[in-house]
Structures are given as C-alpha cells and as structure tokens.
Amino acid sequence: MKKLYTEKQTVLATFLGGPVPAGILMYKNFIRFGKEKQAYITIALTLIFTISFGFVILTLPDEILEKLPSPLITSFYGLIAAILYKRFLAKEVKTAIGDGAQRASNWSVAGFTILGLAINLLIIFGIAYSKPPFSGEKLVVGSSKHEIYYNTTTISEAEAQKLGDELIALGVFTDEVPQTVYLGSSGERYALTIPVQLNSIEDAELATEMKALTWSLEDAFGKPFTITLESYNLTGKRTVKSIE
C-alpha cells in the first residue's frame, strides 16, 4: 500500500530544511501516483528555484541582507510549497488517504528533510565559492597568491600593492594559506575588511593583533585605518566587528 506525504509534512519539511525537502516529498507523491513526468518536472523546478534563489540572496547588498530576518525567508518558500501542494497534490492525496492509503511516517520526513538541507547547503556553498568574495578590482600578491580587492574609484593599484607588501612584511600574508582582503576608503580613512572564522570574531587576542595592525598600517600609509572583521554563518547572516 502506497504511503503519501501530507501537506502539513511537506510544509514543515520546507520550514526546517529549505525548498529541496519539499521538492523531494512532492516528487515521491507524484511517483506513487504514477505521474513520473510531473515528478521529474518537480525535481527540476526545485533545483532551478534553489539555485536562482541562492544567487539572489548572495548578490544582495549586505545592508539589505542583514535586515532580512531568517523566518521571513523560510516563510517565503514555505508559502510557495503550500501553494504548489494545494494546487497539484492536496485533493488527490486526501482522496487516496480516504480510500485507504497510508500517511508516510514522520521519521521518513525527517530523513528527507536532513537530506534536503544537506543538498541546500551544498548548492549555497557552490554558489558562494563560484562568486568573488568582494566586488571591485582584484590584485594578486605574494607566492601564495593572496587576493586584495579594492574600490577603483577611491583606491589606486599602487595603494593596493603597497597594502599587499605591508601585509606580507607584517606576517599577515604568509606562504602557508592564501588570504583575501578588501581595501576601501571613506573620507580620509582607509577601510580594510578581513574575513575570519565566525568563532574567532570576538576573540580578544585577535582583536589585540588587529589593533596593532591598524597602528602599523597607519604608520606606513600616513592615514587612519579601520579594520573590519567579517564572518558569515550557514544561513548567510553577516557578522562584523570594527577596530580602529
């Protein structure tokens, strides 16, 4: 006897795991109704939506992304899942269950939710890896090919190169691991953004090291520096800490 996923199970899986779990559960329902064409279309559209939505989220300016609460995003694709389920499956599933079909177990929903969440994260990481970490021009320095992105309207290539030389001399850029930073300018002050691990952003020792770095760079450039430590969590939420 076929087991079917209800609307409630599908929407809950979407809230917990993103759009992919909804696509998987709806795919399974279509397969069990013998509608293979609709099943494969569902999977294809789910992947297209997830990739497109990921690109949109990752290209939004940080100041906009920071104002978007995570529940709003999950509610958005949860609503889409509910609408599509009602439109294409709700009536048929209700009739089938009334005729003796069984509701799928919540354990299987949990399993597909975890699988879908993993696929969502892989897609997001793939998109994030494929796009530059910062906008602007890129300068590669050092044997480890460290990357310095800079705003060409306020920063010259010579200034970016000088920053690279200083970071190598100060031991910030090493031969072990390539690093990426962003150099901008606000008025008479340079603004240097350095990505760090999320669990390091509030580290007191790191803050002390960054404060010493601002002094060294200010001596070298003759202008004040602000260093911004930047990190993102798995949902794309940005955390920053400024050091002057």
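The values are calculated or read from the model by the stated rules, or taken from the named source; none is laboratory data. Note that the structure is a prediction, hence the values are computed from the model and not measured. We place every Cβ from the backbone using ideal geometry, glycine too, and count neighbours over all the protein chains shown.
Some points to look at:
- Per the conditions (1) surrounded by 18 or more Cβ atoms within 10 Å (Cβ to Cβ); (2) over 30 Å from LYS211 (Cβ atoms), the sole criterion not satisfied by LEU167 is (2).
- Where a residue in segment 85-108 is under 11 Å from TYR5 (Cα atoms) and its partner, wherever it lies, is loosely packed, with under 12 Cβ neighbours inside 10 Å, with Cβ under 7 Å and at least six apart: ALA101/MET1; GLN102/MET1
- Qualifying position, being more than 26 Å from GLY126 (Cβ to Cβ) and β-branched (Val, Ile, Thr), among ILE64, ILE51, ILE24, ILE83: ILE83
- Residue list for segment 127-149, filter: farther than 18 Å from GLU230 by Cα and at pLDDT 90 or above: GLU137, LYS138, LEU139, VAL140, VAL141, LYS145
- Boolean, SER185 is exposed (fewer than 12 other Cβ atoms within 10 Å of the Cβ) and without any contact (Cβ under 8 Å) to a residue 40 or more places away in the chain: no
One line per residue, one yes/no per condition, for (1) closer than 30 Å to LYS67 by Cβ; (2) hydrophobic (A, V, I, L, M, F, W, C):
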{"site": "THR154", "(1), (2)": "yes, no"}
{"site": "LEU170", "(1), (2)": "no, yes"}
{"site": "GLY187", "(1), (2)": "yes, no"}
{"site": "PRO195", "(1), (2)": "yes, no"}
{"site": "THR214", "(1), (2)": "yes, no"}
{"site": "PHE225", "(1), (2)": "yes, yes"}
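- Any strands (runs of 3 or more DSSP E) falling wholly within segment 144-244 and containing at least 3 residues that are over 27 Å from LEU121 (Cα atoms): 180-186, 189-195, 225-232
- Within segment 109-132, considering residues that are among the hydrophobic types (A, V, I, L, M, F, W, C) and without any contact (Cβ under 8 Å) to a residue 12 or more places away in the chain, the one farthest from ILE31 (Cα to Cα): PHE125
- Residue list for segment 1-42, restricted to those being among the β-branched types (Val, Ile, Thr) and surrounded by fewer than 16 Cβ atoms within 10 Å (Cβ to Cβ): ILE31, ILE41
- Looking only at residues of segment 124-143 that are of a type outside the set (Phe, Trp, Tyr) and in a helix (DSSP H, G or I), we find that the one that is surrounded by the fewest Cβ atoms within 10 Å (Cβ to Cβ) is SER130.
- Verdict on ASP203 being on the phi < 0 side of the Ramachandran plot and loosely packed, with under 15 Cβ neighbours inside 10 Å: no
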